[in-house]
Amino acid sequence: MSYNQIEIHTPAELEELRDYISDKYVDFNIVLRGKIIENFNGFEKIKNSLSIIAPNLQSLGDLKVIDGNLTISSSAGQPKLSSLGKLEKVNGE
């Protein structure tokens, strides 16, 4: 298991990650942090964990599987995420 972590603060950083990942499978722990991130599009599987500290996030896009943990924090404000969308499986906690 990899313990590499990427923090995403802006849509531009998310776009850079999408450009870096060619197969829609992310092999990092992802932390979405910031008030300007609204969508997490372009990924189907995270091989580690996903932490959401982005109160304006509304969609997980096409994300289906998280092999690690899913954490949703309200420390930056009440999350607007109303649905887990296409998410089918979280293998962690």
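The values are calculated or read from the model by the stated rules, or taken from the named source; none is laboratory data. Quick caveat: nothing in here was measured; it's all calculated off a predicted structure. Because the Cβ atoms are built from the backbone with ideal geometry, glycine has one as well, and the counts that use them run over all protein chains shown. Accessible surface is based on the protein model in full, side chains and every heavy atom, while ligands, DNA and RNA are left aside. Shrake-Rupley method; radii C 1.70, N 1.55, O 1.52, S 1.80 Å.
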Along the Cα-to-C-beta direction of LYS47, a point sits 7 Å from the Cα; which residues of segment 4-28 have their amide N less than 18 Å from that point?
4-7, 17-28
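Could you work out the equivalent-ellipsoid semi-axes for segment 10-93, taking the square root of 5 times each eigenvalue of the Cα gyration tensor, largest first, in whole Å? Numbers along the way, then the final one.
Values: eigenvalues 64, 47, 25 Å².
In descending order the semi-axes read 18, 15, 11 Å.
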The chain - accessible surface per residue (Å², probe 1.4 Å):
57
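Keeping all protein chains in place and using 1.4 angstrom, which order do ASP19, ASP62 fall into by accessible surface area, from largest down?
Values: ASP19 115, ASP62 55 Å².
Order by accessible area, largest first: ASP19, ASP62.
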Using a 7 Å offset from the Cα along the Cα-to-Cβ direction at both VAL65 and GLN78, what is the distance between the two label points in nm, to one decimal?
3.6
Across segment 21-93, how many lysine pairs separated by 8 or more positions, or lying on different chains, have Cα atoms within less than 13 Å?
11
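Rounded to the nearest percent, how much of the accessible area of the chain (1.4 Å probe, protein heavy atoms only) is carbon and sulfur? Could you put the intermediate results ahead of the total?
Details: 2310 of 5280 Å².
Carbon and sulfur together cover 44 percent of it.
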R0 of 25 Å, Cβ-Cβ distance GLU38-LYS89: FRET efficiency to nearest 0.05:
0.55
